[in-house]
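To keep things clear, I will list the structure first and then write my remarks on it.
The values are calculated or read from the model by the stated rules, or taken from the named source; none is laboratory data. Note that this is a predicted model, so its numbers are computed, not measured. Glycine gets a Cβ as well: all are built from the backbone with ideal geometry, and neighbour counts include every protein chain shown.
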Amino acid sequence: MSSAPAIAATRAEVCAVACAEAWRGDGEIVASPFGVIPAIGARLARATFAPDLLLSDGESTFVAGCLPLGEPPDGPAEGWVPFRSVFDILAAGKRHVMMGPSQIDQFGNVNISAIGDFARPARQLIGMRGAPGNTVNHPTSYWVPRHQPRTFVPRVDVISGVGYDSAAAAGPAASRFHELRRVVTNLAVLDFRSPDHAMRLASVHPGVSVADVVAGTGFELAIDGDVPPTRMPTHEELRLIREVIDPRGLRYREVP
Amino acid sequence: MTEDEVAARLRSGMTVGIGGWGSRRKPMSLVRAILRSGLRDLTIVSYGGPDVGLLCAAGKVKRLVYGFVSLDSIPLEPHFRAARESGAVDVTEYDEGMLQWALYAASLRLPFLPTRAGLGSDVIRLNPELRTVTSPYADGEELLAVPALPLDAALIHLNRADAAGNAQFLGPDLYFDDLFATAAEHAYASCERIVPTGELLAEGGLASLRIHRWMIEGVVESPNGAHFTSCAPDYERDEEFQRDYAAAAADPVTWASFSAAYLRGSEADYQRAVAARGAASAAARAAARAERQ
């Protein structure tokens, strides 16, 4: 008698599924992924366990169907969503964004604005964008394709996305709808489910040790007991990723 | 009007809003007119793209008010980065929703609009003039009061307009062009084509007529005027040109030759240079195809 064959998934595929898991249970809201792996994750979530999610084509249309990456949408349009509507939706809380931080700290403060002194930065980045508003209005997750101390820093240079400590310090209006759901990296899944909302190591991807994650993190992580492995993709998830959502393998540009 | 006539209505030191979003439907021909002008010390308000970059590179900017500056397909704007990293411009960096609120408050003649966006972030630390406001109702929430941002002038680029200033977007998003226009004392619209009022509904539905003549002081017909940003459905972004722009911007020597090739002359000179370049690269592609066969 033979057991079922072990599933052979690449790291990029494990990451995509870990991103998809961010939207589990979110219901009928807008999933806004930034980055290739998060985009695969959002499409995968809708194609499997989160069928009510709304997804945009990246421009101004909500599109139904499974949305292959890098191809024209294959489903019908189900709504018009110009940037103004996106701002309305986020203030209504009907959205869960996954953004890419240049720096993130222990309590989930995130910098996408500038490296160094803001007055005359060593490196100007894209700017605050919607990070301040997103983080105090609806759930936010983050995707970091390279887990390294340069990104996981003790203190971010500029707070663009609001962390738990900053939201608490700013008062009830900032904390009321603030929720950081998870941080997915090429090594691990992290969340803020510790007593003081400090970043916690939730799972390590297969083949990664806890020591690897600690070495890539510039602050002390909350680690309780044995850290479980990140769950493997199912056969159906792998089929969807490989044949439907990302047949061109764009995921390997982010996680080789 | 012409682009240069619009630039002649502006004054150094003015606060000028620029419509579009990132590298999408920017009034680039009007921006190029400012580059040719003697204007300086401008405060530029924008969901920024190459408009911001070009104006910074030309030394036209005293202060920038923005939520982000990006070329979209190229995430970071090189001239903007250089201006920031050399400390050449003062900045007010907002959450992008705060910027909408600032323009909307000015449009409605309100002193501020309340929002949650910005609370807990360094937007507040970096802009110490910002104040909060406490709800007078039972909830008592303390929210950020985004101050109105009235503009001296606004520049926007639409797909179609009539001569009176009724203007139409035919692409997927108006962005915030209407708010830029209504927040401004004087708003100017360039467009791909001026058409008779009776033909405005020929290409788009009634809901596309979002810019009204009461908002607009002057109209400029400027075919390909958003180049190299996108102006869908008339044309997409010229990615090849944008790549060359970004590469040239990385170095003073290459930037000088790029400027000489494209930015020294009139708008007609610019469009001729772009057309010649397009013809040259099409010929090169054809030659490469022939070689392969």
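Taking segment B:137-163 as the range and being within 29 Å of B:G13 (Cα to Cα) and more than 22 Å from the chain's Cα centre (by Cα) as the test, the residues that pass are B:L144, B:A145. The lone criterion from (1) within 14 Å of another protein chain (Cβ to nearest Cβ); (2) assigned to a loop (DSSP other than H, G, I, E, B); (3) crowded, with 22+ Cβ neighbours inside 10 Å left unmet by A:S32 is number (2). Taken together, the residues in segment A:49-98 that are among the aromatic types (F, W, Y) and in contact with a helix residue (DSSP H, G or I) (Cβ under 7 Å, 6 or more places away or on another chain) amount to 1. Confirm whether A:S102 is surrounded by fewer than 23 Cβ atoms within 10 Å (Cβ to Cβ) and at pLDDT below 95. So A:S102 fails the test.
Scanning segment B:63-95 for residues that are in contact with a Phe, Trp or Tyr (Cβ under 9 Å, 6 or more places away or on another chain) and part of a strand (DSSP E or B) yields B:L64, B:V65, B:Y66, B:G67, B:F68, B:V69, B:V91, B:T92, B:E93. Looking across segment B:18-56, the residues that are in a strand (DSSP E or B) and in contact with a Cys (Cβ under 9 Å, 6 or more places away or on another chain) come down to B:R24, B:I44. Under 16 Å from the mean Cα position of the chain (by Cα), more than 10 Å from chain B (Cβ to nearest Cβ) and in a loop (DSSP other than H, G, I, E, B): is that true of A:P101 in this structure? In short, yes. For segment A:202-217, taking the residues that are among the β-branched types (V, I, T) and in a helix (DSSP H, G or I), the one that is surrounded by the fewest Cβ atoms within 10 Å (Cβ to Cβ) is identified as A:V214.
Residue count for segment B:78-96 satisfying the condition of being in contact (Cβ under 8 Å) with a residue 60 or more places away in the chain and either under 22 Å from A:G161 (Cα atoms) or in contact with a Cys (Cβ under 9 Å, 6 or more places away or on another chain) (or both): 2. All told, A:E220 meets the bar of being surrounded by fewer than 17 Cβ atoms within 10 Å (Cβ to Cβ), under 24 Å from A:A202 (Cα atoms) and in contact (Cβ under 8 Å) with a residue 60 or more places away in the chain. Taken over segment A:164-201, the residue count meeting the criterion of being in contact with a Lys or Arg (Cβ under 7 Å, 6 or more places away or on another chain), closer than 21 Å to A:F34 by Cβ and buried (at least 21 other Cβ atoms within 10 Å of the Cβ) is 4. Selection within segment A:93-121: residues that are touching a His at 6+ places or on another chain (Cβ under 8 Å) and among the small types (G, A, S). The member of this set that is farthest from B:V91 (Cα to Cα) is A:G93.
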